[in-house]
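Step one of this worksheet: look at the structure below.
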Amino acid sequence: MILEYTALYVVPTPLGNLGDLTLRAAEVLRSVAWVAAEDTRHSAPLLKHLGAAARTLPAHQHNEHEAAARIVEKLQAGESVALISDAGTPGISDPGARIVAAVRAAGCKVVPLPGACAAVTALSAAGLTDEHFLFYGFLPSKGGQRRQALESLRSQAAALVFYEAPHRVLETVEDMARVLGERTLVVARELTKLFETIESVPLADALAWLKADPNRQRGEFVLIVSGAPASADDGEGERVLALLLDEGLPTKQAAKLAAQITGAAKNALYERALALKS
Ligand code: SAM
């Protein structure tokens with residue numbers, strides 16, 4: 001393949017199954033002069049498998065600025081570069097965004113290739129009928145911050161898409177049930193791999209379901225929670241309430257004002273304000 005442009009090619013790589021590398025991705029990786037990889041050692045077997053002779057340079061979250069400068073240099077010298085991460089699409093809960101921004105700011109071309117992404121793969125098999133989805137990625141690792149983040153998503157009518165590591169999946173699912181209430185949880189584990197599991201469970205039962213078999217807690221996870229039920233028509237009220245509480249208004253006054261502004265029920269907002277404060 002002769003590359004159409006001198007450019008930074010953003011190339012998704014498989015989540016587990018090598019067959020998921022697209023033909024175009026393989027051709028680009030074989031044709032570029034340089035591959036900027038999140039972990040050059042991790043990506044070496046894939047490049048070898050493809051017969052790609054490109055030189056590699058590291059581009060991980062701790063050297064993105066430096067990597068961006070090197071990549072711009074190569075592009076300005078007329079050499080194309082492919083950007084890859086360990087698995088899936090660069091820039092999606094992975095390094096890449098700063099590099100892409102720097103390359104574009106330098107007036108060089110960025111060419112994205114479609115391909116593997118755990119969030120989209122999980123969504124395609126989740127069977128949730130929410131019209132929208134919100135990709136969140138990783139929640140904070142500390143419990144308090146995690147619950148706060150979940151609280152901020154509570155009234156979203158969209159399906160919520162999270163990434164999670166196996167050692168945190170139990171506590172995260174416990175917090176989801178506590179903060180988000182009655183929903184459906186889709187657990188998508190080890191996608192495209194030998195032990196791929198996709199299971200829908202009521203969020204309230206999810207912790208018990210995970211604990212029932214230690215194998216269910218292993219591997220890589222996408223967790224998708226169905227959106228806030230339509231009956232939660234006080235979503236706007238809660239949003240305004242949270243803003244007013246953030247501004248330091250007393251609980252009662254914040255609930256009253258939020259009810260007046262949005263038409264949501266004052267008592268329900270007051271209860272919610274008390275819960276938020278505690
Ligand atoms: N950039 C990647 C993408 O496009 O999906 C995501 C990278 S992020 C650092 C890694 C997280 O993605 C994992 O912790 C897990 O939550 C999710 N993930 C990656 N591969 C997966 C798989 N095979 N099955 C389920 N989740 C996966």
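The values are calculated or read from the model by the stated rules, or taken from the named source; none is laboratory data. From a predicted model like this one, the values you see are computed outputs, not experimental measurements. Glycine also receives a Cβ, built like all others from the backbone with ideal geometry; neighbour counts cover every protein chain displayed. Accessible surface areas use protein heavy atoms only, side chains included; no ligands, DNA or RNA. Shrake-Rupley method; radii C 1.70, N 1.55, O 1.52, S 1.80 Å.
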Using just the Cα positions, wrap segment 56-168 in a convex hull and report its mean projected area in square nanometres, one decimal place. 9.2 nm²
Just list whichever of K142/K211; K48/K74; K142/K277; K74/K193 have alpha carbons separated by over 27 Å in the model shown. K74/K193
Cα gyration tensor of segment 118-225 - equivalent ellipsoid semi-axes, whole Å, descending: 19, 16, 13
Using a 1.4 Å probe, what is the accessible area per residue for segment 119-171, in Å²? 53 Å²
Projected onto the charge dipole of the chain (+1 at Lys/Arg Cβ, -1 at Asp/Glu Cβ, origin at the Cα centre), which of L257, A242, A102 gives the Cα projection farthest towards the positive end? A102
Rounded to one decimal in Å, the inverse mean reciprocal Cα-Cα distance for segment 1-80, i.e. its Kirkwood radius, is 13.1 Å
Report P(r) for the chain: all Cα-Cα distances, bin width 10 Å, range 0 to the bin holding the largest distance, values in whole percent. 6, 25, 25, 21, 15, 6, 1
Total charge of the residues flanking P166 in space, meaning their Cβ is under 11 Å from its Cβ, with Lys and Arg +1 and Asp and Glu -1, is +1
Portion, in percent, of the accessible area of segment 171-243 that falls on carbon or sulfur, probe 1.4 Å: 50 percent
Output the antiparallel fraction of DSSP beta bridges having both residues in the chain, as a percent to the nearest 5. 45 percent
Can you give me the % of accessible surface on segment 7-112 that is carbon or sulfur? Probe 1.4 Å, all protein chains present, nothing else counted. 50 percent
What's the Cα-based Rg to Rh of segment 226-278, Rh via Kirkwood? 0.96
Protein chains only, probe 1.4 Å: how do F195, F135 rank by accessible area, largest first? F195, F135
